[in-house]
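What follows is one structure encoded as structure tokens, with my remarks underneath.
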Amino acid sequence: MRKFLAFLLLITATVSAQIERVEPPFWYSGMKNPELQILFYGKHIGKYDVSASDGTLIKNVVKTENPNYVFVTIDTENIEPSTITFSFKSGKKTAFTQKYELRARRQHSAFRESFTSADLIYLIMPDRFANGNPNNDNTPDTTEKVNRAHQDGRHGGDIQGIINNLDYIKELGATAIWNTPLNEDNDPRGSYHGYGQSDVYKIDPRYGTNDDYLKLSSELHKRDMKLIMDYVTNHWGKHWTFDDMPTYDWLHQFPGYAQTNYRMTTQFDTNASDIDTKMCVDGWFVKSMPDLNQSNPLMLNYLIQNAIWWIEYADLDGFRVDTYSYNDKHAISKWTKAITDEYPNFNIAGEVWMHDQAQMAYWQKDSKIGAIQSYNSYLPTVMDFTLHNAIGVMFNETESTWNKGMIHAYENFANDFLYPDINNIMVFAENHDTARINEIYPDFNKYKLAMSLIATVRGIPQIYYGSEIGMKGSKEKGDGDIRRDFPGGWPNDQNNAFTHQGRTAEQQQYFEFSSKLFNWRKTNSAIHNGKTTQYVPQDNVYVYFRYNSEKTVMVIINNSTKNQTLNTDRFAQNIKNFKSGTDVISGKTVNLSDLTIEASSAMIVELK
């Protein structure tokens, strides 16, 4: 009887010590950085010693104050794709084992190409784009259910809906898509935006499966298009670790919650107080999004490996990183460098939502401004929020003055010298957090002005789903209003704007212009990587040239309410011996000696 009880106790101890989670769930052989830190989670597993089979070198084992975690670092150098067995022992006896797979990488994975200034990025809010699989609208393992009647509820859009409409996006002229986060977000409300993630190794089941995400990647690549993941390093939502954290400082604690002051300038302000800097970096973005402590080496390594895992697993072409400048700046620099060291051509666009070019330039890789403080973020691309700000006001300023009208654009580009890599700037008129451009400017002509600018200036243009068919949305009415459902994404929609025959006359007008403009952009190397010469606006007419050794493009934006005839002698520096050109939208020949442009219109001319 005594032996039987002892056997029962042994069985109970063994079962209770089984591994509940392993992250990363698998890894890849042949990585440039051969060190891999594996998180094992299970009840009281910290009491066991860990060894690995087949001569795998364990470089480090970290046991935290929480006995339910063990972090094991192994050296994968020269290990072929295989399965490693980890043994968890008490004394000489093995209590249980855990198998771990090293997979083969894709060919040339390390040198994958990424998005560049030759691309046009199409930003999608997946829940609001198209419902391709109504069967996954609600799932038993997620809390919030579909409620399309509520502007802030889940509406049912998913990965299959995006796949179904990739040909539409390609027809528009976009070459890459950026989806707001698709990983599981199990918050009880507002989960559709995806920024409060609960499992960063799993696609939210209401969007589909990990395999569906792989299919999206594959279908894009078949069309010579790219997939950009929206990655969040600053915060999570109801993440599974928060109920049983590995360390107290896994999160920023005060203890518990304190909100950020949103003052990102404290990251480099030499006069900033310590408390203000701390509240910016360590404060929570909102109460439902606990702030991650990237200065904890275990957390930082977790985030680095998770990002690399997704690149390798889903064959990604780039990241857009949310709230980049709220992170611990030294830790996020290490995160970014670790990824670009592994993938030298991989582009990462960071959200640095600031309103001064010097402050934004601080965050770009190899910034001379950052170097003043011996800081390098290693971030290839920053987002041009000052241009966004200018676009939001200048087309309503039809009477030019010293500081109104098109001078906003001129002054923005006058500060380009601050950026170390001016082609790696994301330019946009709107995104999922701002008022829609067609709400600010209900006039189709002003939409054309804004898009003509976005499509022809330096940098990487990004457009927002639905604006190309005239969709509106007011920030004042709430985020849900600027994230409306794309018409035709649901079976019972009044019209299907994904197809020519399904669009209204107004939607078709917007789409025809957008498609012609963006498809032309694909073909013009001067726009992709050429130089810029701009001329001070006169009478609210802004003229600039994009050019390289092969092509010259003249852009004229007339933001006045009058037709304007230009004296082109002023532009002799760029016109040189050119006599005429082709208007890329109308296809008409333009005589450069007698150039008149209509009121509230743009002209993009390829010089001949």
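The values are calculated or read from the model by the stated rules, or taken from the named source; none is laboratory data. All figures in this text were calculated on a predicted structure; none of them were measured in a lab. Every residue, glycine among them, receives a Cβ derived from its backbone with ideal geometry; neighbour counts consider all protein chains shown. Calculation scope for accessible area: heavy atoms of the full protein, side chains included, ligands and nucleic acids excluded. Shrake-Rupley method; radii C 1.70, N 1.55, O 1.52, S 1.80 Å.
Residues of the stretch 240-292 being open to solvent by 20 Å² or more (accessible area, probe 1.4 Å), hydroxyl-bearing (Ser, Thr, Tyr) and part of a helix (DSSP H, G or I), which ones?
Of everything in the stretch 240-292, those that are open to solvent by 20 Å² or more (accessible area, probe 1.4 Å), hydroxyl-bearing (Ser, Thr, Tyr) and part of a helix (DSSP H, G or I) turn out to be 248, 265, 277.
Give the stretch 399-412 a look and list any residue that's of a type outside the set (A, V, I, L, M, F, W, C) and open to solvent by 30 Å² or more (accessible area, probe 1.4 Å), or say none.
As a first pass, look at the stretch 399-412 and keep what is of a type outside the set (A, V, I, L, M, F, W, C): 399-401, 403-405, 408, 410-412.
Listed by number, the residues that qualify are 399, 400, 401, 403, 404, 408, 410, 411.
Would you pick out the residues in the stretch 413-433 that are open to solvent by 10 Å² or more (accessible area, probe 1.4 Å) and not charged (D, E, K, R)? Step through it out loud before you land on a result.
Taking the stretch 413-433 as the starting set, the residues that turn out to be open to solvent by 10 Å² or more (accessible area, probe 1.4 Å) are 413-424, 433.
If the condition is that a residue be open to solvent by 10 Å² or more (accessible area, probe 1.4 Å) and not charged (D, E, K, R), then 413, 414, 415, 417, 418, 419, 420, 422, 423, 424 are the ones that fit.
Collect the residues in the stretch 353-398 that are aliphatic (A, V, I, L, M) and open to solvent by 30 Å² or more (accessible area, probe 1.4 Å), keeping them in residue-number order. Let's see the steps before the verdict.
At the first step, the residues of the stretch 353-398 found to be aliphatic (A, V, I, L, M) are 354, 358, 360-361, 369, 371-372, 379, 382-383, 387, 390-391, 393-394.
Hits for the stretch 353-398 are 358, 369, 371, 372, 393.
Can residue 590 be described as more than 26 Å from residue 399 (Cβ to Cβ) and modelled with pLDDT of 95 or more?
Values: more than 26 Å from residue 399 (Cβ to Cβ): yes; modelled with pLDDT of 95 or more: yes.
Yes.
Considering only residues that are in a helix (DSSP H, G or I) and open to solvent by 90 Å² or more (accessible area, probe 1.4 Å), which ones fall in the stretch 476-504?
If we filter the stretch 476-504 for residues that are in a helix (DSSP H, G or I), which is where we start, we get 476-477, 479-482.
Result: 476, 477.
So the check is Cβ under 8 Å with 6+ separation or different chains; which pairs have a first residue in the stretch 125-143 that's free of Cβ contacts under 8 Å to residues at least 40 places away in the same chain and a second one that's outside any loop (DSSP other than H, G, I, E, B)?
Once the first residue is free of Cβ contacts under 8 Å to residues at least 40 places away in the same chain and sits in the stretch 125-143, its partners that are outside any loop (DSSP other than H, G, I, E, B) give 132/159; 132/160; 132/161; 132/162; 132/163; 132/164.
Could you say which residue among 274, 212, 224, 199 is among the charged types (D, E, K, R) and at positive phi? So that I can check it myself, show each step before the final result.
On the way: 274 fails: at positive phi; 212 fails: at positive phi; 199 fails: at positive phi.
The unique qualifying residue is 224.
Go through 549, 514, 560 for me and flag whichever is among the hydroxyl-bearing types (Ser, Thr, Tyr) and part of a helix (DSSP H, G or I).
On the way: 549 fails: part of a helix (DSSP H, G or I); 560 fails: part of a helix (DSSP H, G or I).
The match here is 514.
What is the residue count in the stretch 517-542 for residues that are outside any helix (DSSP H, G or I), within 18 Å of residue 586 (Cβ to Cβ) and in contact (Cβ under 8 Å) with a residue 24 or more places away in the chain? Walk me through it before giving the result.
Restricting attention to the stretch 517-542, the residues satisfying the condition of being outside any helix (DSSP H, G or I) are 523-524, 530-542.
Within this subset, residues satisfying the condition of being within 18 Å of residue 586 (Cβ to Cβ) are 523-524.
Next, only the ones that are in contact (Cβ under 8 Å) with a residue 24 or more places away in the chain stay: 524.
Qualifying residue count for the region: 1.
Considering each residue of the stretch 584-600, count those that are out of contact with any Lys or Arg (no Cβ under 9 Å at 6 or more places or on another chain), open to solvent by 50 Å² or more (accessible area, probe 1.4 Å) and outside any loop (DSSP other than H, G, I, E, B), and give that number.
Summing the residues that are out of contact with any Lys or Arg (no Cβ under 9 Å at 6 or more places or on another chain), open to solvent by 50 Å² or more (accessible area, probe 1.4 Å) and outside any loop (DSSP other than H, G, I, E, B) in the stretch 584-600 gives 1.
Rundown of residues vs (1) surrounded by 12 or more Cβ atoms within 10 Å (Cβ to Cβ); (2) at pLDDT 95 or above; (3) within 40 Å of the chain's Cα centre (by Cα), yes/no style:
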residue	(1), (2), (3)
1	no, no, no
4	no, no, no
15	no, no, no
21	yes, yes, yes
48	yes, yes, no
61	yes, yes, yes
68	yes, yes, yes
71	yes, yes, yes
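Which number in (1) modelled with pLDDT of 95 or more; (2) over 20 Å from residue 431 (Cα atoms); (3) open to solvent by 40 Å² or more (accessible area, probe 1.4 Å); (4) part of a loop (DSSP other than H, G, I, E, B) marks the one condition that residue 152 misses?
(2)
On the basis of being modelled with pLDDT of 95 or more, open to solvent by less than 10 Å² (accessible area, probe 1.4 Å), part of a helix (DSSP H, G or I) and among the hydrophobic types (A, V, I, L, M, F, W, C), does residue 228 make the cut?
Values: modelled with pLDDT of 95 or more: yes; open to solvent by less than 10 Å² (accessible area, probe 1.4 Å): yes; part of a helix (DSSP H, G or I): no; among the hydrophobic types (A, V, I, L, M, F, W, C): yes.
For residue 228, the condition - modelled with pLDDT of 95 or more, open to solvent by less than 10 Å² (accessible area, probe 1.4 Å), part of a helix (DSSP H, G or I) and among the hydrophobic types (A, V, I, L, M, F, W, C) - is not met.
Considering each residue of the stretch 271-307, count those that are of a type outside the set (A, V, I, L, M, F, W, C) and touching a residue at least 24 places away in the same chain (Cβ under 8 Å), and give that number.
To start, the set of residues in the stretch 271-307 that are of a type outside the set (A, V, I, L, M, F, W, C) comprises 271, 273-274, 276-278, 282-283, 287-288, 290-291, 293-297, 301-302, 305-306.
Then drop every residue that is not touching a residue at least 24 places away in the same chain (Cβ under 8 Å), which leaves 282-283, 287-288, 290-291, 293-296, 301-302, 305-306.
Matching residues across the stretch 271-307 total 14.
Pick from the stretch 105-123 the residues that are among the polar types (S, T, N, Q) and at pLDDT 95 or above: which of them is most open to solvent (accessible area, probe 1.4 Å)?
At the first step, the residues of the stretch 105-123 found to be among the polar types (S, T, N, Q) are 107, 109, 114, 116-117.
Of the ones still in play, those that are also at pLDDT 95 or above are 109, 114, 116-117.
Numbers: 109: 7, 114: 4, 116: 60, 117: 15 Å².
Looking at the filtered set, the residue picked out is 116.
Please specify each residue of the stretch 81-104 satisfying the condition of being open to solvent by 60 Å² or more (accessible area, probe 1.4 Å), touching a residue at least 24 places away in the same chain (Cβ under 8 Å) and in contact with a Leu (Cβ under 8 Å, 6 or more places away or on another chain).
Hit for the stretch 81-104 is 81, nothing else.
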